[in-house]
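This report refers to the structure that appears directly beneath it.
The values are calculated or read from the model by the stated rules, or taken from the named source; none is laboratory data. Model, not experiment: these values are computed from the prediction. Here the Cβ positions follow ideal geometry from the backbone for every residue, glycine too, while neighbour counts run over all protein chains shown. Heavy atoms of the whole protein, side chains included, go into the accessibility calculation; ligands, DNA and RNA do not. Shrake-Rupley method; radii C 1.70, N 1.55, O 1.52, S 1.80 Å.
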Amino acid sequence: MTASTHEVFNQSSAWSGANLFEGNRALKDALAFHLPAHDASQLIALGSEAGCAEMQTHARLANLHKPQLRDHDRNGRRVDQVEFHPSYHALLGAALRHGLHGAPWRRAAGAHIERAAAFMLFTELEPSVLCPVSMTYAVTPALRANPVLHADWGEGLAGTRYDPRFMPASGKTALTMGMGMTEKQGGSDVRSNTTRAIFEGDTPWGRACRLTGHKWFMSAPMCDAFLVLAQSDAGLSCFFVPRWRHDGSVNPIRILRLKDKLGNCANASSEVEFDGDTTGWLVGDEGRGVPQILAMGALTRLDCALGTAGLMRQALTLALHHCRERMAFGKHLAEQPLMKNVLADLALESEAAMALALRLARSVDASEYGGDAHEEVIRRVLTPIAKFWVCKRGAGFAQEAMECLGGNGYVEERGEGVMARIYREMPVNSIWEGAGNVMALDLLRALRGADVATALTRELAAARGEHAAFDRLAASLPDRIDGTTDEAQARSLARDIALLVQAALLRRHSTDAVFAAFCVSRLDQAADVFGLLPAGTPFDTLLERALPT
Ligand SMILES: Cc1cc2nc3c(=O)[nH]c(=O)nc-3n(C[C@H](O)[C@H](O)[C@H](O)COP(=O)(O)OP(=O)(O)OC[C@H]3O[C@@H](n4cnc5c(N)ncnc54)[C@H](O)[C@@H]3O)c2cc1C
C-alpha cells in the first residue's frame, strides 16, 4: 500500500483465519490430560468459526455500536428494552449454537470441561456477549431448588437456537437468564440489600412476592429472567423474576439507564427498578438467598477465570503475531533477546491461567457427574483462588501484550485495534462476581469448611520433589491453611496456592521446560513484571509451544 508522501511498510498484518483450537497446543495438551477420549470435532469447528474474519468483524461492530436503551415508545409508554447491533445477535447466536450456556447440564460427563475449553476459545473472539451466556450456564444449580420452575425453564435454557424476541418464554426456542444482586449501598455486602419482597400468594411456581426496590448493576437486561435478591420477612431471599409472567403479562422491570462502561461494550449493563408490581417467585428457602444465589455465583466465577485465560491467549497470539512481522533494529522483534523473554513469560502466564481455570471446570464436571469428596473440596477452594489470581493477573498481562505492539497497541481505530479492546475488557473479570479482596476472604471461609490440607497435598503431589522452589513453598502451606489465617494475609495465601496448583498442573500436562521456567520465575522470585526470566531459560522452546500454528 502506498501513500502520496511515503510507502507504508513494516506494519504487521491483521491476525485472521486461524483455527484457534488447532493452534493452541497448551489447551490441547490440557484437554488430553483431563479428557483423554474426548472428540475434538466440535472444538475444531468452533476454533475455525471463532478465528474467521467474518466473526471478527461482528466482534468489532458489536463493540463499536453499543447497545441502546429504548425505555419508552413514541407514544410515551414504557417498553424497557435494549436494542443491539445485528452483529451482537450473530455472536450470541453462535455462542448458543455451540452450547456455551445451559447445554452442558443436559449432556454427559466431560461436558463441563469441553464447555470450558469452548468458552475460552469463544472469548478469543468476543468476551462481552458471553456475559448472558455465562449467567445462563450458571443459573441451573440454583434454579433446581424450585423444581417446578426448573422443569418449565430447563429445556429453554439449554436451547441452542437463540431467540432474541421479547415475548413469553413458552413461545421461545432458547432462553437466557441474568442476576440482580448489587445495589447502590452495597455489592460485596449484599446483606445490605434494601429491595423488599411482600408475599402475594402461592402459585404453581411456588411462593410469589411483589418486589419494590432497585439494582445498581444488572447486566444483560434483555435476558428472559433474572435471579434477584430481596428482603422478605424471613430475611434476604432469592427470587426468580421473569420479563413476562406465566399468565402472559409483562412483569414490570424498569430499565433506568445503561452503564457507560470502560470496556465490555457489546454487553448492556443496566440500572433497574422494581416498582411494587414486579413479581418474583421464591427459589430455595426463604431467608437463605445468599447461599442460594451463590450457587450461581460460583459458576460465573469459574467463567471469570476462563474468560481471562481466553483473553490472555488472544493477547498473547496478537503479540506473537505482531512481533514475528515487525522489524526493529535490523531484526524481527520476535528475534530480539529481550522481547523473547517478555513473550515467553507471557506464554507461561497464559498457559498457567488456562490450566488453573480448566482444572476448576473439571471439578465442576466431577461434582455434577458423581464426583468424589476430593473434587468437591477442590471446587470449593479453587473457585475463589482461580477467580482471584487469574483475573488479577489479567490487567498486567494485557498491558504488557499491548506494549509488544508499541503505539499501535494503544490505538483502537474504530475497533480494528483489538489489543486496546482487550485491555479495556480485562479488568472487569476481576471486579464483577466478587472483587479481589472478596475472593481472597472467601478462600479463608473455604479453609474453615473442609479438609483442605489433605486435598491440596493430593493435588500438589505430582510436582513434589521436582523443583526446589516448589517444595519450599509447598512446605509453608500447612501452617498457613489451618483456618486461622489473618485476613490481611488472604491475598498472599490465595496467590501462593494458585501458583502451586498451577505448577503442579503444568508438571502433569505441559512440558519440562514450561514447568521449570514457571517454577523459577514465579516460585523462586517475585513475578512483579513480565520479562524477568533468568539467563539460561530456553526461550525458543517456550515460544515454539506458544506459537499459534
Ligand atoms: C460491568 C459490570 C457488570 C456488572 N453486572 C452485574 C450484574 O449483572 N448483577 C449484579 O448483581 N452485579 C453486577 N455487577 C456488580 C459487581 O458484581 C459489583 O460491582 C462487585 O461485586 C463489587 O461490589 P461494589 O461495586 O458494591 O463494591 P464494594 O462492595 O463497595 O467493594 C469495593 C472494594 O472493596 C473491597 N471489599 C469489600 N469488602 C471488603 C472486606 N470485607 N475487606 C476488604 N476489602 C473489601 C472489594 O474487594 C472491592 O475492591 C457488575 C459490575 C460491573 C462493573
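Data overview
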| quantity | calculated |
| --- | --- |
| Which listed residue is in contact (Cβ under 8 Å) with a residue 60 or more places away in the chain, of a type in the set (Ser, Thr, Tyr), more than 9 Å from the ligand (Cβ to nearest atom) and closer than 21 Å to residue 275 by Cβ, from 212, 176 | 212 |
| Sole exception among (1) surrounded by fewer than 20 Cβ atoms within 10 Å (Cβ to Cβ); (2) more than 16 Å from the ligand (Cβ to nearest atom) for residue 194, by number | (2) |
| Only listed residue being under 24 Å from the mean Cα position of the chain (by Cα) and at pLDDT 95 or above, chosen from 282, 302 | 302 |
| Residues (open to solvent by 20 Å² or more (accessible area, probe 1.4 Å), in a helix (DSSP H, G or I) and among the aliphatic types (A, V, I, L, M)) located in the range 16-39 | 32 |
| Residues located in the range 135-159, provided they are under 20 Å from the mean Cα position of the chain (by Cα), over 14 Å from residue 295 (Cβ atoms) and open to solvent by 10 Å² or more (accessible area, probe 1.4 Å) | 158 |
| Test set (1) within 20 Å of residue 178 (Cβ to Cβ); (2) touching a Lys or Arg at 6+ places or on another chain (Cβ under 6 Å); (3) hydrophobic (A, V, I, L, M, F, W, C) - residue 334 fails condition number | (1) |
| The range 475-495, residues that are open to solvent by 20 Å² or more (accessible area, probe 1.4 Å) and more than 16 Å from the ligand (Cβ to nearest atom) | 475, 476, 478, 479, 480, 482, 483, 484 |
| Matching residues in the range 496-549 - criterion: being at pLDDT below 95 and either crowded, with 17+ Cβ neighbours inside 10 Å or in contact with a strand residue (DSSP E or B) (Cβ under 6 Å, 6 or more places away or on another chain) (or both) | 527, 548 |
| Residue match in the range 434-456 (condition: within 16 Å of the ligand (Cβ to nearest atom), within 30 Å of residue 228 (Cα to Cα) and part of a loop (DSSP other than H, G, I, E, B)) | yes |
| Count - residues of the range 263-316 that are of a type in the set (D, E, K, R), closer than 27 Å to residue 145 by Cα and in a helix (DSSP H, G or I) | 2 |
| Matching entry among 81, 42, 11 (being polar (S, T, N, Q), open to solvent by 50 Å² or more (accessible area, probe 1.4 Å) and touching a strand residue (DSSP E or B) at 6+ places or on another chain (Cβ under 7 Å)) | 81 |
| Residue count for the range 253-262, restricted to those that are near the ligand (Cβ under 10 Å from one of its atoms) and either closer than 20 Å to residue 78 by Cβ or in a strand (DSSP E or B) (or both) | 1 |
| Count - residues of the range 436-460 that are surrounded by 15 or more Cβ atoms within 10 Å (Cβ to Cβ) and either within 16 Å of residue 387 (Cα to Cα) or touching a residue at least 60 places away in the same chain (Cβ under 8 Å) (or both) | 15 |
| Qualifying residues in the range 269-291 (those that are more than 30 Å from residue 83 (Cβ to Cβ) and within 14 Å of the ligand (Cβ to nearest atom)) - the one most open to solvent (accessible area, probe 1.4 Å) | 290 |
| Residue 247 being open to solvent by 30 Å² or more (accessible area, probe 1.4 Å) and acidic (Asp, Glu) | yes |
| Residue selected from the range 253-268 under the condition surrounded by 18 or more Cβ atoms within 10 Å (Cβ to Cβ) and more than 24 Å from the chain's Cα centre (by Cα), by the criterion nearest to residue 431 (Cα to Cα) | 255 |
| Qualifying residue in the range 46-58 (condition: assigned to a loop (DSSP other than H, G, I, E, B), at pLDDT 95 or above and open to solvent by 50 Å² or more (accessible area, probe 1.4 Å)) | no |
| Every residue from the range 232-244 that is farther than 21 Å from residue 139 by Cα and crowded, with 19+ Cβ neighbours inside 10 Å | 232 |
| Number of the exception - residue 502 against (1) closer than 17 Å to residue 464 by Cβ; (2) free of Cβ contacts under 8 Å to residues at least 12 places away in the same chain; (3) under 25 Å from the mean Cα position of the chain (by Cα) | (2) |
